[in-house]
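*Asks:* Provided herewith is a single structure, encoded as structure tokens, for subsequent inquiry.
The values are calculated or read from the model by the stated rules, or taken from the named source; none is laboratory data. Keep in mind that this is a model prediction, so the values were computed, not measured. Every residue, glycine as well, gets a Cβ built from its backbone with ideal geometry; the counts of neighbours run over all protein chains shown.
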Amino acid sequence: MVVYYRCRQCLKEMGKVSSAKATQYNLGFDALTEEEQAEMISADQDGHVHVELLCEHCHQMTANNPDLHAQTNWYH
Ligand SMILES: [Zn+2]
């Protein structure tokens with residue numbers, strides 16, 4: 001199983017973690033609500049997991065521009 005991380009706004013690849021032991025629980029996802037998990041985490045048909053986060057750049061952008069924060073779905 002491979003866990004892919006991607007920025008949800010600019011879609012930049014942020015890395016991946018390959019581990020047979022990787023589960024959402026030892027990756028810290030259990031700190032999220034179920035709703036947040038459903039929003040951020042999806043599994044593809046091969047069983048790999050895709051996690052959508054904010055990269056540093058986009059995080060900075062939203063921090064500097066609170067108005068943009070409401071627009072979390074630019075690419076949808
Ligand atoms: Zn980004």
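*Asks:* What's the number of the only condition in (1) at pLDDT 90 or above; (2) closer than 22 Å to Met1 by Cα; (3) surrounded by 14 or more Cβ atoms within 10 Å (Cβ to Cβ) that Leu32 fails to meet?
*Replies:* (1)
*Asks:* When the residues of region 46-61 are narrowed to those that are closer than 14 Å to Lys16 by Cα and within 9 Å of the ligand (Cβ to nearest atom), which ends up surrounded by the fewest Cβ atoms within 10 Å (Cβ to Cβ)?
*Replies:* Among residues in region 46-61 that are closer than 14 Å to Lys16 by Cα and within 9 Å of the ligand (Cβ to nearest atom), the one surrounded by the fewest Cβ atoms within 10 Å (Cβ to Cβ) is Leu53.
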